[in-house]
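*Asks:* Here you go, one structure.
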Amino acid sequence: MRGLAETQGLRKRARAPYALRMDIIARFELLSDAAQLAIIGGLFWVFAAFAGVMERRRGKRRDVGRLEQVGWVPWTGLFMGAAMIGGGCLALSLPVVLGESLIFARPPACGILAHAT
């Protein structure tokens, strides 16, 4: 049975750009926590690379007066912060993304306990 909004034609379908964006958001939400951390860590590293490039461009600028007119952004601090946060996110997600737990691996069975099982 159809609802009143559908019978009167009040409900509209989402257009292509919105549907695509919602699809990307829904896919991100359905990922595991480790996969979400890996994507966020990768995005932080992309931002860190951008900040590194901008710091290099600022360092090459010769005219200090022009630099003062434009403004000052702490690109080095942004680079370091983004690289550390991104590296931390990637380090936390690495064992699950690789498919095996590298940090909490079981020690090899040896001694008396190996014969008991």
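*Asks:* Ordered by residue, what ³J(HN,Hα) values in Hz, to whole numbers, does region 82-95 give under the Karplus form 6.51 cos²θ - 1.76 cosθ + 1.60, where θ = phi - 60° and Gly and Pro are x?
*Replies:* 5, 5, 5, 5, x, x, x, 5, 5, 5, 5, 8, 4, x
*Asks:* How do 74-81, 24-31 rank on mean C-beta neighbours within 10 Å, highest first?
*Replies:* The most tightly packed comes first, giving 74-81, 24-31.
*Asks:* Ok, one more. What nm value, rounded to one decimal, do you get for the distance between Met22 and Thr76 when each label is placed 7 Å out toward the C-beta?
*Replies:* Output for this residue pair reads 4.8 nm.
Read the figures in this text as sums done on the coordinates, not as results from a lab. As the structure is a computational prediction, the values presented were derived from the model and not from experiment. We place every Cβ from the backbone using ideal geometry, glycine too, and count neighbours over all the protein chains shown.
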